[in-house]
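Written below as C-alpha cells is the structure these notes are about.
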Amino acid sequence: MNYFKTIFTTIFIFSLFFVAAACGTAPAEPDAGEGTAGEAAPGVQRTIRAGIGLNDQHPQYLGLLKFKELVEERTDGSIVVETYHSGQLGDDRSMMEALQLGTQEVTVPSTAPIAGFVQEFTVFDFPFLFPSEEVADEVLDGDVGQMMLDKLDDQNLVGLAYWENGFRDLTNARRAVASMEDMKGLSIRTMENELHLEAFRALGANPTPMAFTELFTALQQGAVDGQENPVATVYLQGFQEVQDHISNTHHIYSPFVFLMSKTFFDSLSEEEQEIVREAAREAGQHQRQLNREANAQYLDDLQEAGMTYTEIDEEARQEMIDTVQPVLDKYAERIGQDIVDQVYEAIQEAQED
Ligand code: TK8
C-alpha cells in the first residue's frame, strides 16, 4: 500500500512542477527585496503581442518591426515582441478591448475608433483640422497631445506615442469626385466613429461604419461604392483592384496612437517602462518618415494601375469646410469647448513657429 502511495505522491509532485514549467511562469518566489508587486520575477522573459490592421508592406507594420528591434535590443531579449499584421488579432476596436482585458499587449489604432472609448479624441478627427503633417506633429507631440494620451489611463490603456495614418482621400468605383455635388448618394464606408458618419451625411454621401478588416470584401462585392484612406493605404492594401477614382479631399488627418495594455505596462519596472515608451516614440518618428514617403510615392502608381485622380479646387474644398462646420460645433459642445479651443490654439501656435 505505502509503496503505491509514494509512487503516486512522487508522480503528483512532478506533474505539478511540469504544469508550472509549461505555463512558463514558475511561481515567482515572493522575495520582498526584488521588484514591486505585479512586476515579473527577474530573468523571466515577457512577450509583447503587437497587432495592427494594415498589412506587412505598410509603414505601420515597418514601424512595429522597428519597435520590436529597439525593445529586444535594449532589454537584452528579456522582453520579446511578436508582431501580427492584417487584422490577424482582430480589428482596431476588438484589439483595444483585448488590451483592456490584458490578452494582448500592443495595438496602434487610428484616433477615430479610440473616440468610442475616450470621446475627447473625437477632436483629432475634426475634418480639415490640421493644415499639414508638420503642424500635426508639433501639436500631437506637445502638451495637448500628452494631455489627451493621459485620458486613456481610465480605460486601462496607456498611450505611448502618436504615429501617422495620414491625410485621408476619398476613393470610389462610380464616378470622379470634384465637389460635394459629385459625392451625393455615394455609399461610403467610414471608420466606426459618429463624427465621421455625421460629416459624410452632411456632405451628401450615404455613410456606413465598418471595421477595416471587412472593407476590401465590401468594396469587391459592391456593398459600398467607396471609402476614404491615405494614398499609401489605398495602394498597399490593393484598393486599386476594386476602386476606380481617387480625389485629394484630404478631409481628415488621421493620427495613429501607439497603445499598450495598462496591466502589462504596470507589470514592467520603471526602467522597462522608459524603454518601451522611448522605443514607441523613436519607432514613431521612423514610421512617420516612411509613411510620408509612401503617400508621396504611390499616387502615381495608383494612376498607372488605372485609377483616375481628381484635384479638389479651393472653392469646392471651402464648400465642404462650411458644410461640416455645424457638425463640428455640435461635437465641440459634446466633448468640451475647452478641449477644442486648446487644440485650435496649439495649431495656431505651431503655424506661427
Ligand atoms: C487599420 C485602420 C485603418 C484606418 C481605417 O486597422 O479603418 O480606415 O484608416 O488604417 O486603422
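The values are calculated or read from the model by the stated rules, or taken from the named source; none is laboratory data. From a predicted model like this one, the values you see are computed outputs, not experimental measurements. Using ideal geometry, Cβ is built from the backbone for each residue, glycine included, and neighbour counts are taken over all protein chains shown. Note: areas computed on protein heavy atoms with side chains; ligands, DNA, RNA excluded. Shrake-Rupley method; radii C 1.70, N 1.55, O 1.52, S 1.80 Å.
Observations
- Accessible area (Å², per residue) of the chain, counting only protein heavy atoms and a probe of 1.4 Å: 46 Å²
- Shape category assigned to the stretch 271-324 from the gyration tensor of Cα positions, a/c cut at 1.5: oblate
- The chain: DSSP helices with Cα axial extent of at least 27 Å and average Kyte-Doolittle hydropathy no lower than -0.5: 2-22
- Linear extension gain, Arg46 paired with Thr103, 0.36 nm per residue minus alpha-carbon span: 19.2 nm
- By accessible area, using a 1.4 Å probe on protein heavy atoms only, the chain has 51% of its surface on carbon and sulfur.
- Each stretch of four or more DSSP H residues adds -39500 (n - 2.57); spread over every residue of the chain, this sum gives -15000 deg cm²/dmol at 222 nm.
- Centroid-to-centroid separation of the stretch 296-320 and the stretch 142-220 [C-alpha atoms, Å]: 18 Å
- Ranked by the mean number of other Cβ atoms within 10 Å of their residues, highest first, the peptides 49-62, 86-99 fall in the order 49-62, 86-99.
- When every Cα-Cα distance of the stretch 74-131 is counted in 5 angstrom steps from zero, the calculated P(r) takes the values 4, 16, 21, 18, 15, 13, 8, 4, 1 percent.
- Modelled label reach - Asp141, point 7 Å along Cα→Cβ, the stretch 334-353 residues with backbone N closer than 18 Å: 346-353
- Dividing the mean sequence gap of close Cα pairs (under 8 Å, 6+ apart) by how many residues the chain holds gives a relative contact order of 23 percent.
- Separation of the Gln88 and Thr323 label points, Cα + 7 Å toward Cβ, nm: 4.1 nm
- With the highest mean first, a sort of the peptides 159-170, 112-123, 325-336 on other beta-carbon atoms found within 10 angstrom per residue produces 159-170, 112-123, 325-336.
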